[in-house]
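Report on one structure; see the data block that follows.
The values are calculated or read from the model by the stated rules, or taken from the named source; none is laboratory data. All of these numbers come straight from a predicted model, not from anything done at the bench. Please note: Cβ atoms are built from the backbone with ideal geometry, for glycine as well, and neighbour counts cover all protein chains shown.
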Amino acid sequence: MSRVVITGMGIYSVIGKNLTEVEDSLRHGRSGIIFDPVRKEMGFRSALTGMVERPQLKGVLDRRMRIGLPIQGEYAYLSTIEALQQAGLDQSYLDNNEVGILFGNDSSAVPVVESVDILRQKKDTMMIGSGYIFQSMNSTISMNLSVIFRLKGVNFTLSGACASGSHAIGIGYLLIRQGLQDMIICGGAQEINPESTASFDALNAFSIRESEPAKASRPFDRDRDGLVPSGGAATVIIESYESAMKRGATIFGEIIGYGFSSNGEHISMPNVDGPVRAMQKAIQDAAIKASDIDYINAHATSTPAGDSNEARSIDAIFGSSRPLVSSTKSMTGHEMWMGGASEVIYSTLMMNNGFVAPNINFENPDEVSAKLNIASKITPCDIKLFLSNSFGFGGTNSSLIVKKF
């Protein structure tokens, strides 16, 4: 079995458009949540959202490459450029080696809406143009980036709701460990726009603390009232240890465990058993004890039921060792398809810089979260092993364990 290491990371997030900006936000507990008046005008129950400016890629990518990219694809292009640069990979390397891509993505709303609008208005499919088909497909990120970077390895999309980015890294880890690939570009991307979250808003799942946007996402806090949608893109370059050593690459962490499960119950209501099994499977895969984990980046999105059930599942496994726990979603909001990948990056930055970012807005625990060792402020910590949880609709669960190198 090959060892699997992280040699590059890139991020385009509501708390920073690169690794340096993101690390600074993590250290200072800086929120990326805003009130969007456009959503209120459109009839949203909640106008809260994470927000990042749209990249300007004209002059960076030629029109032929840009035309097939949706908004989240633009984010993913920039996060991947940063990850490749950090990993010391240029186009010549990609041209001469079999490098794969696995990205988490579970929707692409805007191109679907816009192309249907054109069809209904013009009554002519020829008016839609050639780009919308490539923008609207669920595989749009892996599809576009594989062409832009001329990749020759594995190439498909992981669609697992809000665990998509985490599953992409997990499947990449399994492929490399089995010796089927030496290097894979993994990640997750999520569009930020009203079209992508309107039906989610209809579930009454979003926070309505609109007068205090930065305080709206409050995982594990007694007074939480819902999640805040967000997005962006995150890219992680993973490769075999042998490949990294041969290239002389800097190693930022080693993936040693991947666990997954399905709740097998309600389509949107999480339970306790599913996450417990995913975490246990990751611990077993890593061949460690639960007490070896120093930090858990919780999935905790700031919903009443979801946070309580995750707290119960964490307590069931880690109740005696009580590792530090925080949810970076308190700052970023719920990055959905991106979150599983971005939270590996956030946690790896913490691990390599000796701190745990605060679970901001954690002011009053409830009876369940009081059992956890939640970091409500930045906490110095020598993280040797962290676990990152990602759960999604349909009861899909993913847990990743990363070791300090």
* Asked: In the set PHE149, PHE134, PHE200, which member is in contact (Cβ under 8 Å) with a residue 12 or more places away in the chain, under 20 Å from the mean Cα position of the chain (by Cα) and surrounded by fewer than 22 Cβ atoms within 10 Å (Cβ to Cβ)?
  -> PHE200
* Among the numbered criteria (1) over 26 Å from ALA83 (Cβ atoms); (2) in a helix (DSSP H, G or I), which single criterion is violated by ILE360? -> (2)
* Would you mind stating whether TYR12 is at pLDDT 95 or above, within 18 Å of the chain's Cα centre (by Cα) and in the same structural domain as ASN193 (by TED's automatic domain parsing)? => yes
* Quick one: is MET65 hydrophobic (A, V, I, L, M, F, W, C) and under 30 Å from ALA244 (Cβ atoms)? -> yes
* Go through the residues of segment 332-350 one by one and say whether even a single one is closer than 19 Å to GLU367 by Cα and either over 16 Å from the mean Cα position of the chain (by Cα) or in the same structural domain as PHE393 (by TED's automatic domain parsing) (or both). => no
* Structure fact -> Going through segment 140-181 in order, the residues found to be in contact with a Gly (Cβ under 7 Å, 6 or more places away or on another chain), assigned to a loop (DSSP other than H, G, I, E, B) and not small (Gly, Ala, Ser) are LEU151, VAL154, GLN181
* Kindly check whether there is at least one residue in segment 118-131 that is modelled with pLDDT of 95 or more, of a type in the set (Val, Ile, Thr) and crowded, with 24+ Cβ neighbours inside 10 Å. => no
* Just for segment 84-98: of the residues that are hydrophobic (A, V, I, L, M, F, W, C) and part of a helix (DSSP H, G or I), which one is surrounded by the most Cβ atoms within 10 Å (Cβ to Cβ)? -> ALA87
* Asked: Out of segment 246-270, which residues are at pLDDT 95 or above, among the polar types (S, T, N, Q) and touching a helix residue (DSSP H, G or I) at 6+ places or on another chain (Cβ under 6 Å)?
  -> SER261, SER262, ASN263
* Structure fact -> Of the conditions (1) touching a strand residue (DSSP E or B) at 6+ places or on another chain (Cβ under 7 Å); (2) under 19 Å from GLU74 (Cα atoms); (3) not in a loop (DSSP other than H, G, I, E, B), the single one that ILE184 does not satisfy is (2)
* What pairs come up if the first residue lies in segment 209-223 and is of a type in the set (Lys, Arg), the second is surrounded by 17 or more Cβ atoms within 10 Å (Cβ to Cβ), and their beta carbons are under 6 Å apart, counting only those six or more places apart or on different chains? -> ARG209/ALA216; LYS215/ASN361; ARG218/ARG224; ARG218/SER302; ARG218/ASN361
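Residues are listed down the side, and each one gets a yes or a no for (1) under 18 Å from SER217 (Cα atoms); (2) not β-branched (Val, Ile, Thr):
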site	(1), (2)
GLY319	no, yes
THR328	yes, no
THR332	yes, no
MET336	yes, yes
SER342	yes, yes
LEU349	no, yes
PRO358	yes, yes
ASN364	yes, yes
* Asked: Among the residues of segment 252-278, how many are part of a helix (DSSP H, G or I) and either touching a Cys at 6+ places or on another chain (Cβ under 9 Å) or crowded, with 23+ Cβ neighbours inside 10 Å (or both)?
  -> 2
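One line per residue, one yes/no per condition, for (1) surrounded by fewer than 24 Cβ atoms within 10 Å (Cβ to Cβ); (2) over 20 Å from SER230 (Cα atoms):
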site	(1), (2)
SER2	yes, yes
TYR12	no, no
ASN18	yes, no
ASP24	yes, no
GLY29	yes, no
PRO55	yes, no
ARG64	yes, yes
* Would you say ILE101 is part of a strand (DSSP E or B), at pLDDT 95 or above and either touching a helix residue (DSSP H, G or I) at 6+ places or on another chain (Cβ under 8 Å) or of a type in the set (D, E, K, R) (or both)? -> yes
* To do: Considering every residue within segment 320-329, establish whether at least one is closer than 19 Å to ASP225 by Cα, part of a helix (DSSP H, G or I), in contact with a Phe, Trp or Tyr (Cβ under 6 Å, 6 or more places away or on another chain) and touching a residue at least 60 places away in the same chain (Cβ under 8 Å).
  => no
* Can we say GLY170 is of a type outside the set (S, T, N, Q) and surrounded by 21 or more Cβ atoms within 10 Å (Cβ to Cβ)? -> yes
